[in-house]
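Accompanying notes for the structure given below.
The values are calculated or read from the model by the stated rules, or taken from the named source; none is laboratory data. Computed from a predicted model, the values in this text were never measured in an experiment. All Cβ positions, even for glycine, are placed from backbone atoms using ideal geometry, and neighbour counts span all protein chains on display.
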C-alpha cells in the first residue's frame, strides 16, 4: 500500500550524494554526532481532497520529512527552512507542482505525487504498430512504474531543496536558477552508485518526457514562444539535461540511454556538464556541510529493493 | 557594398572613441590575438575589415583586467560557432559576423506616408515598437557574442562555479557587462542584440523548433536567448526597456511575458520573494569573478569609451 512512500528514500539518497562529494577526512569521532538540525521544521498538512489522503497517509507513515530533515542535518543553514507536505493553495498546487516560496518554506504538493502515480507511471495503450514517439504519454518503453515513482518524486524534492539552498545560503548564480536547481538535483541523484542513479534519472527523464508530450499534443506538435520565455527550460530540454549530467558521470551505466535519447553533439559535452556541476557544488555548497555528521548520514539506507523493479 | 558598410559600421562602433593602437596603460601581454586567414573567399573582406579596424587589438585592451593567458582569434569555423574547449582559445567565427549581416535591417523598413520618413525607414528595422538602426543591429550582437565567448573562457580559467547551463550563464554575464558602461551603451547594444536574435529566430524557427538536435543542443534556443537577454535588461532597467512589456496592448512574441517578468524584476511582496536575475548575476559576478581581476586596469577599462554615441 505504501506505493509512493516506499519508493522514496530521499534522505538516504541525498546522504550518499553529498557523501561522495565530500572529501574524506580523518577517522570519525568516537561519539557519533546527533543528526539534528535546529534550523529545519517539518509539517505534514492533512489534505481536504479525498484523492490525496492515501498519499498523505503513506508519506507520513514512511516518515519522508523526518528522513529529509535527517539528511539535511549536516548543512549549516544560514536561516530556517520548513519542509511542508500539503495540498496547498489551488493556484500554486492545483496542477502537478511543488515549489520553494523564497521565504524559507518548501511546498511539496500532493498534486505532484498524485500526478506521477496516476498519469506518468502508467502504461498507455497505443494502436498496434504505432511506435512510442515524442507525443506518446505515460511509461516509456524500457522504463518501469517504480522508476517513475521514485525518480519523479526525488527529482522534484531535490529541485525545490536546491532553490532553498540557493537562497538561504546565498549561493552565487550566474545561470538560470531553474536549470541550476535541476543540476543540483541530478548531481545528488548520481552520487550513490549507478543502480540508484539509473532508477532516479530514468524516472525523471520519463516524467519530463510525459510533460513534454502533453504539451506537444495540446499544441499540435509545436513549441510556442511562450514556452521558450518561461524561466524553466522546455520540458524535453530538462529531460536531456538530467540524462546528460548522468551520462557525463556514469558513461557505462547510461550509454544505452544516451545513445538512444541524446543528440550526438550533446553526448560529447556531457562529461564537461557533470564536471561543471560538481565544481559548482564543491565550491558553493560543500563548505557549509559538516563532514562528521555527513559520515553518519551516509550510513542510512538508500532505496529499497522494490524501488529497483 | 552592403557588407562593406555594415561591417565597417559595426567595427567602427566597436572601437570608436579610442585610439586604434593599443594604449600603454591597457597593454596586456597575456592576451594573444590571431586573425586566421579564411579558406572561403567570401570571408576575405570580413577578415580585412576586422584587421583594418583592429578589432582584436581593441578586445585585447578590453580584456586587460584578466590575469591569465588567453588566446583570442578570428577564424573560419564551418559553423556560426566553434565550441570553446578548456584552455581556449576564444574564437570569433567569420560565419557569425556573416550571420549578423545577413539579418540586418534592410530595404523593407516600416511604411510611412511621408516620403522623407520612408527614406529614413529604409535603414531601420523594428522590434516591437522599437526602431533599430543598422549600427545597433550590428554592434549589439557582435559585442554580445564576444562577451559571451570570453565569459566561457573566464569561467574556465578562473574555475568559476557556474550553476545553470553554461551558455545561459555566458549570455547572462554578457548582458550584465553591457550595463557596466552606461545606460546608453546598454540600450543600444541590447536593443541591437534583441533585434538580431528575433530576426535569427524567425529565419530558423520553422522546421527546427521541434528538432531534437536543436532542443538538445548545449545552447538554448535562439528565442530562449532572446528572452534571457530581455530578462536581464528589464530586471536592471524596467523603464528603459518597458517597450518589451505589453501594457495596454496585446502581448506578442517579442514581449517578455508577464509571468517571466515577475522573476526578471524580482519580488519582495506576497507569499513569494525573488531576487531579480540581474541582481543574482551581479552578486555572482562580484563574488566569483571580480576578486580575480586587476582592479586598476578594470577602472581604466570602465572609464574608456568603447562605443561612440
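Only one of the numbered conditions (1) at the interface with chain B (Cβ under 9 Å from one of its Cβ atoms); (2) touching a helix residue (DSSP H, G or I) at 6+ places or on another chain (Cβ under 7 Å); (3) surrounded by fewer than 22 Cβ atoms within 10 Å (Cβ to Cβ) is not met by residue A:283, and that is (2). Residues that are outside any helix (DSSP H, G or I) and more than 9 Å from chain A (Cβ to nearest Cβ) within the stretch B:212-250 comprise B:219, B:237, B:238, B:239, B:240, B:241, B:245, B:246, B:247, B:248, B:249, B:250, listed in sequence order. The set of residues in the stretch A:259-277 that are in a helix (DSSP H, G or I) and facing another protein chain (nearest Cβ under 10 Å) comprises A:261, A:264, A:265, A:266, A:267, A:270, A:272, A:273, A:275, A:276, A:277. Could you please let me know if residue A:256 is surrounded by fewer than 16 Cβ atoms within 10 Å (Cβ to Cβ) and more than 10 Å from every other protein chain (Cβ to nearest Cβ)? Yes: the conditions hold for residue A:256.
Condition first: part of a helix (DSSP H, G or I) and within 12 Å of chain B (Cβ to nearest Cβ). Can you find one or more residues in the stretch A:291-308 that meet it? No; the residues of the stretch A:291-308 include none that is part of a helix (DSSP H, G or I) and within 12 Å of chain B (Cβ to nearest Cβ). Within the stretch B:155-168, not a single residue is buried (at least 22 other Cβ atoms within 10 Å of the Cβ), over 9 Å from the mean Cα position of the chain (by Cα) and farther than 26 Å from residue A:165 by Cβ.
Evaluating residue A:69 against the criteria (1) assigned to a loop (DSSP other than H, G, I, E, B); (2) under 23 Å from residue A:295 (Cα atoms) leaves one unmet condition, (1).
Out of all the residues in the stretch A:75-94, is one or more within 14 Å of chain B (Cβ to nearest Cβ), part of a helix (DSSP H, G or I) and either modelled with pLDDT of 95 or more or surrounded by 20 or more Cβ atoms within 10 Å (Cβ to Cβ) (or both)? Yes, the stretch A:75-94 contains a residue that is within 14 Å of chain B (Cβ to nearest Cβ), part of a helix (DSSP H, G or I) and either modelled with pLDDT of 95 or more or surrounded by 20 or more Cβ atoms within 10 Å (Cβ to Cβ) (or both). Of the residues that make up the stretch B:64-71, is at least one touching a residue at least 24 places away in the same chain (Cβ under 8 Å), surrounded by 15 or more Cβ atoms within 10 Å (Cβ to Cβ) and in contact with a strand residue (DSSP E or B) (Cβ under 6 Å, 6 or more places away or on another chain)? Yes: the stretch B:64-71 contains one or more residues that are touching a residue at least 24 places away in the same chain (Cβ under 8 Å), surrounded by 15 or more Cβ atoms within 10 Å (Cβ to Cβ) and in contact with a strand residue (DSSP E or B) (Cβ under 6 Å, 6 or more places away or on another chain).
Residue B:299 falls short on exactly one of the conditions (1) surrounded by 15 or more Cβ atoms within 10 Å (Cβ to Cβ); (2) assigned to a helix (DSSP H, G or I); (3) modelled with pLDDT under 95, and that condition is (1). Only one entry of A:227, A:217 meets the criterion of being surrounded by fewer than 23 Cβ atoms within 10 Å (Cβ to Cβ), outside any loop (DSSP other than H, G, I, E, B), touching a residue at least 12 places away in the same chain (Cβ under 8 Å) and within 11 Å of chain B (Cβ to nearest Cβ), and that entry is A:227.
Note on the stretch B:139-167: among residues that are touching a strand residue (DSSP E or B) at 6+ places or on another chain (Cβ under 9 Å) and free of Cβ contacts under 8 Å to residues at least 60 places away in the same chain, the one that is nearest to the other protein chains (Cβ to nearest Cβ) is B:145. Every condition in (1) under 17 Å from residue B:236 (Cβ atoms); (2) surrounded by 24 or more Cβ atoms within 10 Å (Cβ to Cβ) is met by residue B:187 except one, and the failing one is (2).
Within the option set A:171, A:157, being assigned to a loop (DSSP other than H, G, I, E, B) and under 24 Å from residue A:72 (Cβ atoms) holds for one residue only, A:171.
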